């Protein structure tokens, strides 16, 4: 089995099938791994089959909430660029929540969506923050459950948006997004140095 997905210490040691069921998610690629197979096993099989989208989908489910949001933030930064006073509020608020996951910052992320331009795809990250604990949001919204898999889906969508923005280097950049998620799952910050895909994506 591939070593690519080994040592992801932040990923739950639970069957991938269970994680998929809890988030109401179905993979497009048929898999032969046992029902009890851990995420690293299923990811390795999907990777061997060249199922990039399913690998990204499963990673969006396997990452914990803060790590998932950070992964999405970095994807947005790939095409938006370094921090500036022109950053979308949804991206800024989501980044703030990652570093300080308070109810106040979660509420800021939720409110940022109301001020977003219609073409601002970073609202997907703010939605992932809003649904991060499986509820509809902080305060009174915490009494209502979020749609199953909503936070995970929003982070996945943000990565797909970034992938589309880098369609001229589709395969290379897609593999980079996978490696970034794995780095985060191992406790890294996702800022993989010396990666040609990253350099090109930010050029």
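Restrict the check to segment 149-159 and report whether at least one residue is surrounded by fewer than 16 Cβ atoms within 10 Å (Cβ to Cβ), touching a helix residue (DSSP H, G or I) at 6+ places or on another chain (Cβ under 8 Å) and over 20 Å from residue 77 (Cβ atoms).
No, segment 149-159 contains no residue that is surrounded by fewer than 16 Cβ atoms within 10 Å (Cβ to Cβ), touching a helix residue (DSSP H, G or I) at 6+ places or on another chain (Cβ under 8 Å) and over 20 Å from residue 77 (Cβ atoms).
Scan 179, 140, 133 and give me the residue that is under 23 Å from residue 25 (Cβ atoms) and in a helix (DSSP H, G or I).
The unique qualifying residue is 179.
Of the conditions (1) loosely packed, with under 15 Cβ neighbours inside 10 Å; (2) on the phi < 0 side of the Ramachandran plot, residue 95 clears all except one; give me its number.
Evaluating residue 95 over (1) loosely packed, with under 15 Cβ neighbours inside 10 Å; (2) on the phi < 0 side of the Ramachandran plot leaves (1) as the failure.
Taking into account only those residues within segment 143-152 that are in contact (Cβ under 8 Å) with a residue 12 or more places away in the chain and in a helix (DSSP H, G or I), which is farthest from the chain's Cα centre (by Cα)?
If we take residues in segment 143-152 being in contact (Cβ under 8 Å) with a residue 12 or more places away in the chain and in a helix (DSSP H, G or I), then 150 is farthest from the chain's Cα centre (by Cα).
So for segment 34-43 (the condition being modelled with pLDDT of 95 or more and within 15 Å of residue 156 (Cβ to Cβ)), does at least one residue qualify?
Yes, because at least one residue in segment 34-43 is modelled with pLDDT of 95 or more and within 15 Å of residue 156 (Cβ to Cβ).
Any residue at all in segment 132-139 that is touching a residue at least 24 places away in the same chain (Cβ under 8 Å) and within 22 Å of residue 189 (Cα to Cα)?
yes
Which condition does residue 134 not pass, out of (1) modelled with pLDDT of 95 or more; (2) in contact with a helix residue (DSSP H, G or I) (Cβ under 6 Å, 6 or more places away or on another chain); (3) more than 24 Å from residue 44 (Cβ to Cβ), if it passes all the others?
(2)
State yes or no: is residue 7 touching a residue at least 40 places away in the same chain (Cβ under 8 Å) and either assigned to a loop (DSSP other than H, G, I, E, B) or surrounded by fewer than 20 Cβ atoms within 10 Å (Cβ to Cβ) (or both)?
When the stated conditions are applied, residue 7 passes them.
Among (1) assigned to a loop (DSSP other than H, G, I, E, B); (2) in contact (Cβ under 8 Å) with a residue 40 or more places away in the chain; (3) over 22 Å from residue 189 (Cα atoms), where does residue 37 come up short?
Result: residue 37 passes all but (2).
Have a look at 62, 51, 116 and point out the one that is closer than 29 Å to residue 172 by Cα and in contact with a helix residue (DSSP H, G or I) (Cβ under 7 Å, 6 or more places away or on another chain).
62
Do you know which residues across segment 111-134 are more than 20 Å from residue 99 (Cα to Cα) and more than 15 Å from the chain's Cα centre (by Cα)?
Matches in segment 111-134: 114, 115, 116, 117, 118, 119, 120.
What helices (runs of 4 or more DSSP H) lie completely within segment 40-129 and have 1 or more residues being over 19 Å from residue 150 (Cβ atoms) and touching a residue at least 60 places away in the same chain (Cβ under 8 Å)?
So the answer is 52-62, 65-80.
The values are calculated or read from the model by the stated rules, or taken from the named source; none is laboratory data. Here the structure is a predicted model, which is why all the values come from computation and not from measurement. Every residue, glycine as well, gets a Cβ built from its backbone with ideal geometry; the counts of neighbours run over all protein chains shown.
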